[in-house]
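The values are calculated or read from the model by the stated rules, or taken from the named source; none is laboratory data. Values in this document were obtained by computation on a predicted structure and should not be read as measured data. Glycine gets a Cβ as well: all are built from the backbone with ideal geometry, and neighbour counts include every protein chain shown. Ligands, DNA and RNA are excluded from the accessible area calculation, which covers all protein heavy atoms including side chains. Shrake-Rupley method; radii C 1.70, N 1.55, O 1.52, S 1.80 Å.
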Amino acid sequence: MQIKPADLQKFLSKPTKTRILAYGPDNGKVITIIRDLSKNLGEEINLFHNDNITQKSSEIESIAKSTGGLFGQKKVIRIQNATDKATKLLKQLFEEETCPILVEAGELTPSSSLRKLFDKNEDTASIACYTPEAKDLAKIAETISQKHHLKIDYNAKADLSIILPQDSLAAANEMEKLCLFAKEDGIITRNHV
């Protein structure tokens, strides 16, 4: 099931699925979404990389099927940099009840077997993370500056929407630095940018 951009914040605050794929060219947004979901869905994060899931498939299956016990921590499986290579293992895991499974991937075409697995299944969710547009970057600039109790003038916001990196996490990090630089002035101007 695809999560539409308009429904994303609602889904992230209260996930209705526990098998989730975040993918796309905005790697920062992919990482941020999966990191936040990890915190919401479990306490013990078991991290695997796409390059070693074949060798670690029995370990992944064992973790996926374990319940964590009455007083044990809730487990989460997190697979980074997934490709179609992960589809076979995930299909097997989805046939049974498992702990939450969170998958990060780069850009996937509509014909990708991994993307199809998450898009077409009602028990899963897929979240597309596309490169932020100028309005998205301006929103990031505004949100971060407000967090630091700073105003941002129109010209500075316009400049930032053009020069901030095309990655949500990198853009947020750059804004954090800019806010530290402009903190004493109380406002971010074109001179700060």
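Only helical runs count toward this figure. For the chain, summing -39,500 (n - 2.57) over DSSP H runs of n ≥ 4 and dividing by all residues gives -13000 deg cm²/dmol at 222 nm. Once you sort the root eigenvalues of the Cα gyration tensor of the stretch 26-110 as a ≥ b ≥ c, which label holds: rounded (a/c under 1.5), prolate (a/b larger than b/c) or oblate (the other case)? In terms of gyration-tensor shape, oblate. Measuring nothing but protein heavy atoms, the accessible surface of the chain at 1.4 Å probe radius is 51 percent carbon and sulfur.
Straight-line reach from LYS177: taking Cα to Cα under 24 Å and skipping same-chain neighbours fewer than 8 places apart, the lysines in range are LYS29, LYS135, LYS139, LYS147, LYS151, LYS157.
For the chain, the solvent-accessible area works out to 56 Å² per residue, with a probe of 1.4 Å and every protein chain left in place.
When P(r) over Cα pairs in 5 Å bins from 0, in percent is computed from the coordinates, the matching label among (1) 1, 7, 15, 19, 20, 17, 12, 6, 2, 1, 0; (2) 1, 8, 15, 17, 16, 12, 10, 8, 7, 4, 2, 0; (3) 1, 5, 8, 10, 13, 14, 12, 11, 10, 7, 5, 3, 1, 0 is (2). For the chain, a simple Cβ point-charge model (Lys and Arg +1, Asp and Glu -1, everything else neutral) yields a dipole of about 280 debye relative to the Cα centre.
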